[in-house]
Amino acid sequence: MQVGCLSTLVVWVISWSVLTAHTTCTSQTSWTLTNGNASVEVSGTVPGGVYSDLLLADVLTGGDLYYRYNDLDYRWVAEENWTYTSLITGDAALLGHERVALIFEGLDTAARVLVNDEVVGTSDNMFVRYIYDVKQHLKESEDNTLQVEFESPVEYAARQYEAQAADYVVPPTCVDPASKGVCHANHIRKMQASFSWDWGPAFPNLGIWKEWHLTGWNTLLVSDVFFSAVPGTSLPSVPDHDLKPSWIVTVKVWCDAAVESGYIAGNVSITLANIYTQHQFINVTVKDYEAQMTFTFTTDEGQVEMWWPNGYGSQPLYDITVLWTDENQSETSSKSIRVGFRTVELNQDFVDSSDETKGRHFRVLVNNVTMFMKGSNWIPAHVLPESVTVDYTRYLLQAAADTHQNCMRVWGGGIYESDAFYEIADELGILIWEDFMFACSMYPANQNFLESVRREVTTQVRRLQHHVSILIWASNNENESALRDNWYGTSSNFEQYKADYILLYVDTVRNVTQDVDGTRSFVVSSPSNGIESEEEGYIAENPSSTLYGDAHYYNYMDDAWIGANTPRTRFASEYGFQSWPSLKTLKEVTIEEDWNSESPMMYHRQHHPGGQEELSLQIGLHMHLPPDDGSLKSFEDYLYLGQIHQAVAIKTETEFYRRGMSVLEDNGEGYTSGALYWQLNDIWQGASWASIEYGGRWKMLHYYARKFFSPLIVSLSQVNDDLNVYVISDLLEEVSDVVLKIDLYRYDQRHEVASYNTSLTVSPSEGNLVATLNLLQDLDIDNLCKEEEYDQKDVCFIVSHLTTVTDGSPAAPDNFLLLGKPKNGYIPHATVMVESISGPETTSKSNWTFTVKVTNDAISLFVWLEVDESGVFSDNGFLMTESQVDILFYSLSETTVDALQSSITVKSLTDTYSEGTVVHPATEAVVDDSFHPNDIRNILFV
Ligand code: BMA
């Protein structure tokens, strides 16, 4: 926010930092953008990027960035060089300062910066904050030219690749053709996914993507503030939410100095909300234009409340302001950060100290309380960072919080997210597993590259360190596995790549991180074996070991609704299945001829090798694939069935991981401590693992997440003829007096045909097997589910209820298990209808909450409601045993019953079973013993 543009002493406010050095009004500067041969000249936007500018100027005339084949049609943009030019003012007041600099918070990516045609600096890393001294280059004039000349990122990356390859190749040499991308992302320090990914398009952006300032100062500018708080007394392992311990606080202040070395004197004041203030005179040492100051103080008992992750308590946040005033009181600089008080630990103790072969824990303790991490993985919300609004970021993170997520992994192929992202995570109690931005590749380890990474890590860790939400730092995504399992053909030169790996991720990323932030755990890769990987020389024999660290598990070949081979990992940091977004979302960027599962467009937008085949296989294992008749109905059915497959598959796998929380097998497997599915959000309208479509529409999976991540769940698992019933609780208190009811239903009868009841007391933070019911003996399916020509399991299904004894209200969401396969044909056709819509009413979730009355004439599976309006249903994709249910619709904006009525649709599974549906040839799971889940990854980026 610009608050004033004075000619001499200027006050400038951007989010939380204030300085009263001389700063020009950078947000009012106008820019032009020109390509290499000057055939295109348009006005430029800063912060921003070239694609956005060219779209705005109608140079890109093919419509929306993501429209149809625009990722190919607009590729030329990234293949050209582009220059952003503006005029900047150098007045006497500015130039009278000891130091005058251009500060760029982010340049994307390879650039030369020129003032009055003289190079003042270069950039090779999107994630570095650059400071270029310009005092000697500026004239006392209003028309100093400032040019930022960007080299095509595609060309730059190729050049770097070639230079490196003259020594040895750092693979992969290109992305898999399925992702329709650009080669050599690993040779440029920018968003790796901007060169394409298996869920996203290639739009290698360029531009001045973050704020910039022209600043003159004589002493110090506060750049970043470090915060740590250690409780004065040890915290109990059973939480006491009234506890307000004392804290020993450390505040470190990083400053950019006006002089290269020496001492600068002044006063520092530190204020913690209205709790504590400290003023101190200081004579600070300057080295390489930087100064650091450290302050410690103690808060008293009772002064601050503790911060808790989502689901475990509240998230009180406190402002800390640091104000620097030079000794002549002629210059000040300040910064405010918002902090929380908590402890966080990644515990990797041996599971059994008397038998170390059983491996190590990998569990998170916050405020000394062990918590199961429930969440998902985050990818960039748009391929152009400038297109992501704070509102959309908040919407997505809120959707995670609303589905009981307490953890999110910011995945290493995107960007270090915006300040707003982490501020919102702090507010919502979502712990952040923060990867550094290296993914699915080998990376160079030459001196220039390492130096650039050193600056990147310093910039980012200093910027993000104070966020209470950050749980852990991790150097890279899957590069330990890639090296160990030879994904990119590195085995013939393994030692070289291993040495490079250690130089980059251990000696550089880890060491620099720990220099800046000693308060958090660090893992070198995800997945890794944590401490065990380190002890094995950083490239473990099996980075996906079930006994150590985290694991990524993808298996598209087994029956995903059974998941028979799912590993009992310590911490599942990635797992998932694809689906397509809804037709409503696809329609934004496609036309009628694309609306066919076999259309060229669908293959164009399917970036995962074999993705279409895998999806059809999985749909076909349980349901009928729609006929390939080119009809819109078949296409919509296909999209819907894919979302059903994904929702049930991830529900199955997540429940398995949650069931593992209290399990310890003889071989040491068990004590699973986290389940972060892949992936929360989408970058565009394409096939992906996301639970939320691009734009915000919830897929069926996201509705399922709200149930399978509930603090207390019942989970049902069928092993041969046994039904195992588990009750899993993340609650920190015992729940007594609940009744568990297990109902056996036939698809053709409204009421349960058999039932099992028991009353229970649910132990806190445990997952326990509470009953094993034999389907034949206890539930008598031979008899009750008998139907000629059908297997009994195809005739019946199970529903669980957990209710309180006192008033019968639900203590856990109802759950279900289909004993057989819906495709085997017994399920009678159901007609599901929206009988009425009423409202709006005001609820805590929306001022426009509508009640949708849904009716049916038979038991209905996967009842799915859709409307044009943006909003969320109170339930969706559900199993409807009743003949009528009321579902709420929480609209995001004002709307009417009429508007909803005109767009609402509802369907259930049997609506997809029309004449001509195809029973997929693969009637049983394809279980190939030679197949390893990582084989899928091997064909990802070769
Ligand atoms: C994981 C991620 C991504 C990828 C996803 C799905 O490996 O780290 O690289 O998009 O799987 O394949």
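The values are calculated or read from the model by the stated rules, or taken from the named source; none is laboratory data. Source: prediction; values computed, not measured. Neighbour counts are summed over all protein chains in view; Cβ atoms, including those assigned to glycine, are modelled from backbone coordinates with ideal geometry.
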Taking segment 517-539 and keeping only residues that are of a type in the set (D, E, K, R) and over 29 Å from Val251 (Cβ atoms), one is left with Glu532, Glu534, Glu535, Glu536
Just to be sure before I move on: is Ser469 surrounded by 23 or more Cβ atoms within 10 Å (Cβ to Cβ), within 16 Å of the ligand (Cβ to nearest atom), modelled with pLDDT of 95 or more and hydroxyl-bearing (Ser, Thr, Tyr) in the structure I sent? no
Looking at this structure, is Val148 over 31 Å from the mean Cα position of the chain (by Cα), surrounded by 14 or more Cβ atoms within 10 Å (Cβ to Cβ) and closer than 30 Å to Phe436 by Cβ? yes
The strands (runs of 3 or more DSSP E) lying wholly within segment 353-394 that contain at least 1 residues that are touching a Lys or Arg at 6+ places or on another chain (Cβ under 7 Å), among the charged types (D, E, K, R) and free of Cβ contacts under 8 Å to residues at least 60 places away in the same chain are none
Restricting segment 750-763 to residues that are surrounded by 13 or more Cβ atoms within 10 Å (Cβ to Cβ) and either under 42 Å from the mean Cα position of the chain (by Cα) or free of Cβ contacts under 8 Å to residues at least 40 places away in the same chain (or both), the one nearest to Ile827 (Cα to Cα) turns out to be Glu752
Expected output for segment 678-691 (first residue within 12 Å of the ligand (Cβ to nearest atom), partner of a type in the set (Asp, Glu), Cβ below 7 Å, 6+ apart or cross-chain) is Trp678/Glu574; Asp682/Glu693; Ser688/Asp682; Ala690/Asp682
Of Val253, Val259, the only residue that is of a type outside the set (Asp, Glu), closer than 24 Å to Tyr132 by Cα and not in a loop (DSSP other than H, G, I, E, B) is Val253
Condition set under 16 Å from Val128 (Cα atoms) and part of a loop (DSSP other than H, G, I, E, B), scope segment 181-204, selection nearest to the ligand (Cβ to nearest atom): answer is Met191
Inside segment 286-319, the number of residues satisfying the requirement of being surrounded by fewer than 20 Cβ atoms within 10 Å (Cβ to Cβ) and either part of a loop (DSSP other than H, G, I, E, B) or acidic (Asp, Glu) (or both) is 14
Picking from Pro527, Pro543, the residue that is in contact with a Lys or Arg (Cβ under 6 Å, 6 or more places away or on another chain), within 16 Å of the ligand (Cβ to nearest atom) and closer than 30 Å to Tyr501 by Cα would be Pro543
Listed by range, strands (runs of 3 or more DSSP E) wholly within segment 725-829 having at least 1 residues that are at pLDDT 95 or above, acidic (Asp, Glu) and in contact with a helix residue (DSSP H, G or I) (Cβ under 6 Å, 6 or more places away or on another chain) are 766-774
Outside any loop (DSSP other than H, G, I, E, B), away from the ligand (no atom under 16 Å from the Cβ) and touching a residue at least 40 places away in the same chain (Cβ under 8 Å): does that describe His604?
yes
Going through segment 170-180 in order, the residues found to be assigned to a loop (DSSP other than H, G, I, E, B) and buried (at least 23 other Cβ atoms within 10 Å of the Cβ) are Val170, Val175
Does at least one position in segment 16-24 carry a residue that is at pLDDT below 95, hydrophobic (A, V, I, L, M, F, W, C) and over 34 Å from the mean Cα position of the chain (by Cα)? yes
